[in-house]
Amino acid sequence: MTTETLSPFDAMPDSRLLTAVQAADYLNVSPGTVRNWAMSDAIPYVLVGKVKRYRKGEIDSWLERERLAEESELEEARKAALSKLTEAERRILGV
């Protein structure tokens with residue numbers, strides 16, 4: 001029997017606003033990294049007055065977009081590398 005350890009974030013609604021410290025904890029990075037990402041508009045945030053807050057659901061969507069973009073880049077790099085192989089190399093590799 002396996003027991004799954006749940007994070008406090010698992011039960012959190014997607015619309016919940018997180019501080020930079022909470023977002024950093026969720027992403028397992030430093031609060032400074034979250035703030036830097038926000039300053040460069042790399043991570044989605046909302047302004048509450050002059051304070052930046054982060055929605056859990058938007059962070060999850062952002063992570064998924066980043067994951068898909070990375071997969072796409074890797075696939076393109078794989079295709080480019082395969083296109084440079086000779087016929088003999090393709091036979092040896094079975095591609």
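Taken together, the values in this text are just the output of simple stated rules run on the coordinates, not laboratory data. Just so it is clear, the model here is predicted, and its values are computed rather than measured.
Quick notes
- Close amide H contacts of Arg55 (hydrogens built in the peptide plane, cut-off under 5 Å, sequence separation of 5 or more or a different chain): Leu18, Val46.
- The Rg/Rh ratio for the chain is 1.22, where Rg is the radius of gyration of the alpha carbons and Rh is the Kirkwood radius.
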